[in-house]
Amino acid sequence: PETGCLSIIVLGASGDLAKKKTFPALFNLYRQGFLQSNEVHIFGYARTKISDDELRNRIRGYLINDKSAPGQSEQVSEFLQLIKYVSGSYDTEEGFQLLDKEISAHESSKNSLEGSSRRLFYFALPPSVYPSVSRMIKKCCMNRSDLGGWTRIVVEKPFGKDLDSSEKLSAQIGELFEEPQIYRIDHYLGKELVQNLLVLRFANRMFLPLWNRDNIDNVQIVFREDFGTEGRGGYFDEYGIIRDIIQNHLLQVLCLVAMEKPVSLKPEHIRDEKVKVCSSISTPNQREEVVLGQYDGYRDDPTVPDHSNTPTFATAVLRIHNERWEGVPFILKAGKALNSRKAEIRVQFKDVPGDIFKCKKQGRNEFVIRLQPSEAMYMKLTVKQPGLEMSTAQSELDLSYRQRYQGVTIPEAYERLILDTIRGDQQHFVRRDELKAAWEIFTPLLHRIDDGEMKPLPYNPGSRGPAEADELLSKVGYVQTHGY
Ligand code: BG6
């Protein structure tokens with residue numbers, strides 16, 4: 001690993017994302033020894049005029065996740081001492097010059113360390129300020145150490161609202177930073193079972209011959225939340241569930257499920273394959289294979305317009321036009337205010353040809369990968385019902401992580417991804433051409449929704465979403481199975 005002075009700058013330090021995700025992830029890395037206090041310094045930057053201690057106090061409550069763990073509160077205090085706060089605007093040089101001065105002072109105080117200076121800028125900011133903040137960093141805050149090192153930026157969706165706006169944003173940032181300096185986070189790529197997908201598919205002989213249109217009938221990638229847009233209605237209403245979840249998180253998962261085997265595990269090889277599969281997907285057939293919903297009560301939020309047409313639920317069937325997947329529906333489904341909180345991949349196999357047991361009613365083989373909660377993988381199988389009679393039943397081969405990996409802590413997505421940015425590993429980050437391919441799929445549909453040509457159906461909060469979505473699933477071939 002690289003050594004030398006590391007400065008992590010959290011821009012938008014007083015905001016929600018920073019408090020809830022960025023600082024806790026940094027704390028966890030610190031706690032586990034990945035951020036050494038003799039080389040790292042963390043800077044918070046935002047417009048609010050507060051002191052170092054005020055920032056520390058705002059963050060403190062979000063850091064401890066296990067109050068019973070011995071020594072945590074001392075670790076929290078040590079960690080907070082690494083944080084310094086600088087206030088300034090996002091579009092003038094003054095604040096960024098001051099920030100640069102602080103970073104440089106830290107670097108010279110640590111220059112007894114052999115090695116280079118590393119500057120990591122984490123944008124916990126609304127995307128509207130990405131271009132100006134990128135310009136200011138480029139102008140005032142780049143690493144200038146003779147000993148080498150780097151400057152990297154970490155940005156998070158929403159990257160634009162459609163293909164054009166996203167391309168514009170990419171071009172603006174791309175003029176200032178090289179692609180290897182830009183880390184586009186999609187936190188689903190940091191989840192344990194998402195990271196397991198490549199291993200599962202390419203390190204297990206049993207899946208290789210089955211993973212195709214000859215054997216797989218349909219694939220579902222599902223995200224459900226059992227709460228609404230509480231407190232985020234204003235943001236959410238501008239984007240909707242397709243831009244918030246489907247175009248990024250679920251599509252990224254789809255790419256890993258459907259892509260061809262990469263030449264190697266090099267980030268560029270993996271991302272090349274993701275782009276290829278993404279480019280083979282056609283825009284969903286909007287009349288036949290998309291169902292939109294909006295939960296009752298969504299518009300009661302004072303920050304949501306009374307006549308909002310924004311979907312809080314969507315099911316869309318994607319079609320991949322290549323040799324492996326032609327004809328297999330990939331059903332992406334996401335919704336807020338549903339009956340449960342769950343994210344899972346369901347790979348449903350075709351019926352057995354020439355079934356001598358006449359057991360179709362028992363259901364098909366289905367391989368389920370539950371990303372959350374309680375990570376698990378299970379395979380639904382038909383077995384002989386134990387007993388004297390020859391009858392069949394559906395059962396599961398079950399790998400529940402909680403049981404199998406007792407005592408192993410599964411890292412938070414952000415923790416893992418921030419560590420990757422420090423290590424310079426872009427495998428789990430979205431490349432510019434991937435982002436473009438993703439927007440190409442959804443932009444025509446999004447424009448129709450924005451223009452009011454497609455209306456969401458109402459559904460009850462706490463339900464499964466509109467019944468039409470279940471009908472669509474059956475229409476494209478999904479067979480509801482028993483058991484889990
Ligand atoms: C975010 C979305 O990207 O992901 C939120 O903006 C959503 O609307 C969240 O709640 C879900 O993340 P997770 O990790 O809880 O599934």
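The values are calculated or read from the model by the stated rules, or taken from the named source; none is laboratory data. Quantities reported herein were computed from a predicted structural model and do not represent experimental measurements. Cβ coordinates were reconstructed from backbone atoms using ideal geometry, including for glycine residues, and neighbour counts include every protein chain displayed. For accessibility, only protein heavy atoms count, side chains too; no ligands or nucleic acids. Shrake-Rupley method; radii C 1.70, N 1.55, O 1.52, S 1.80 Å.
Shown here for the stretch 281-329: GluC sites (Glu not before Pro) in loop regions (DSSP other than H, G, I, E, B) with at most 14 other Cβ atoms within 10 Å, namely Glu288, Glu323, Glu326.
The loop-placed trypsin sites (Lys or Arg not before Pro) in the stretch 4-102, going by DSSP, that have at most 16 neighbouring Cβ atoms within 10 Å of their Cβ come out as Arg47, Lys49, Lys67.
Here's how it looks for Gly160: its modeled amide H is under 5 Å from none belonging to a residue 5 or more places away or on a different chain.
The alpha-carbon atoms of the stretch 1-79, seen along their principal axes, cover 34, 32, 19 angstrom, with the largest extent given first. Using Cα pairs closer than 8 Å and at least 6 residues apart in sequence, work out the relative contact order for the stretch 373-422, in percent. The normalised contact order for the stretch 373-422 reaches 33 percent.
In the chain, the DSSP beta bridges split such that about 50 percent are antiparallel, to the nearest 5.
How much of the calculated P(r) for the stretch 317-415 lies past 21 Å, in percent of all Cα pairs? Summing the P(r) tail past 21 Å for the stretch 317-415 gives 55 percent.
For the stretch 256-355, the solvent-accessible area of protein heavy atoms averages 42 Å² per residue (probe radius 1.4 Å; ligands and nucleic acids excluded). Helical runs (DSSP H, four residues minimum) scored at -39500 (n - 2.57) apiece and divided by the length of the chain put the mean residue ellipticity at 222 nm at -9000 deg cm²/dmol.
Residue ranking by accessible heavy-atom surface, 1.4 Å probe, largest first, among Thr392, Thr283, Thr22 comes out as Thr283, Thr392, Thr22. Calculated accessible area for the stretch 378-484 comes out at 55 Å² per residue, all protein chains present (probe 1.4 Å; ligands, DNA, RNA ignored). Loop-resident trypsin sites (Lys or Arg not before Pro) (DSSP state other than H, G, I, E or B) in the stretch 313-407 with no more than 12 further Cβ atoms inside 10 Å of their Cβ: Arg341, Lys358.
Note on the chain: Rg/Rh from Cα positions, Kirkwood definition for Rh, rounded to two decimals, is 0.99. Sorted from greatest to least, the principal axis extents spanned by the alpha carbons of the stretch 418-480 come out as 46, 32, 27 Å.
Each principal axis of the stretch 341-484 carries a Cα extent, and these read 59, 48, 33 Å when sorted largest first.
By the Cα gyration tensor, the stretch 112-165 has an equivalent ellipsoid whose semi-axes, rounded to whole angstrom, run 29, 11, 9 from largest to smallest.
Rounded to the nearest 20 debye, what is the charge dipole size of the chain about its Cα centre when +1 sits on each Lys and Arg Cβ and -1 on each Asp and Glu Cβ?
Numbers: 64 positive and 67 negative charges, 180 e Å.
Taking the Cα centre of the chain as origin, the dipole is about 860 debye.
Here Tyr239 sits with roughly 40 square angstrom of accessible surface, probe radius 1.4 Å. The coefficient of translational diffusion for the stretch 366-438, derived via Stokes-Einstein from the alpha carbon Kirkwood radius under 20 °C and 1.002 mPa s, stands at 133 µm²/s.
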